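A short worksheet on the structure shown next.
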Amino acid sequence: SSGINAEYGGHAMPIRSLTFSPDSQLLTTCSDDTSIKIYDVQHANLIGTLSGHGSFVFCVDFCPDNTHFATCSSDRKVKVWDAGMRRCVHTFSEHTDQVWGVAYNENGSKLVSVADDKNIIIYECPI
């Protein structure tokens, strides 16, 4: 036995980041193929493919509220997504170069991003 519980495919290019939802029911990935994938962990299947970034997607982080997640990209944007509706609900465009990292604070009231423009930006969450 290899100890593998499930194996997921679906991206056309390298996967850059992944995160479980706080309740561990969903797994979200992002990739150089510009897409974000959402997988149902219990049933081990792909339940959504999201698009909206114009270039490589480097990082994804789930909000502690279990309903939203954020992504960042080389398109210089940070996006907030509704996991249930599977759509972008807000876009931040403050960075002037590719954005490498995004993370929520402990209660989900703030989102932080870091980019090649040498800036760290903290946002009040719009949701």
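Annotations for the structure displayed:
- Net charge contributed by nearby residues that have their C-beta within less than 11 Å of R16 (K/R +1, D/E -1): -2
- 15 Å beta-carbon shell around W100, net charge (K/R +1, D/E -1): -2
- Around V60: net Lys/Arg minus Asp/Glu count, Cβ-Cβ under 11 Å: +2
- Taking amide H as placed 1.01 Å from N in the peptide plane, the amide H of H90 sits under 5 Å from that of V80, each at least 5 places away or on another chain.
- Whole-number accessible area per residue in Å² for the chain, which is evaluated in the context of all protein chains at 1.4 Å: 52
- Option label - semi-axes √(5λ) of the Cα gyration tensor in Å computed here, alternatives (1) 40, 14, 11; (2) 24, 17, 12; (3) 27, 23, 11: (2)
- A83 long-range amide H proximity, modeled H, under 5 Å: H68, F69
- Percent accessible area from carbon and sulfur atoms, segment 76-127, protein chains only, probe 1.4 Å: 50
The values are calculated or read from the model by the stated rules, or taken from the named source; none is laboratory data. Predicted, not measured: the structure shown is a model, and the values here were computed from it. Note: ideal-geometry Cβ built from the backbone for every residue, glycine included; neighbour counts use all protein chains shown. Protein only, heavy atoms only, side chains kept; ligands, DNA and RNA dropped before computing areas. Shrake-Rupley method; radii C 1.70, N 1.55, O 1.52, S 1.80 Å.
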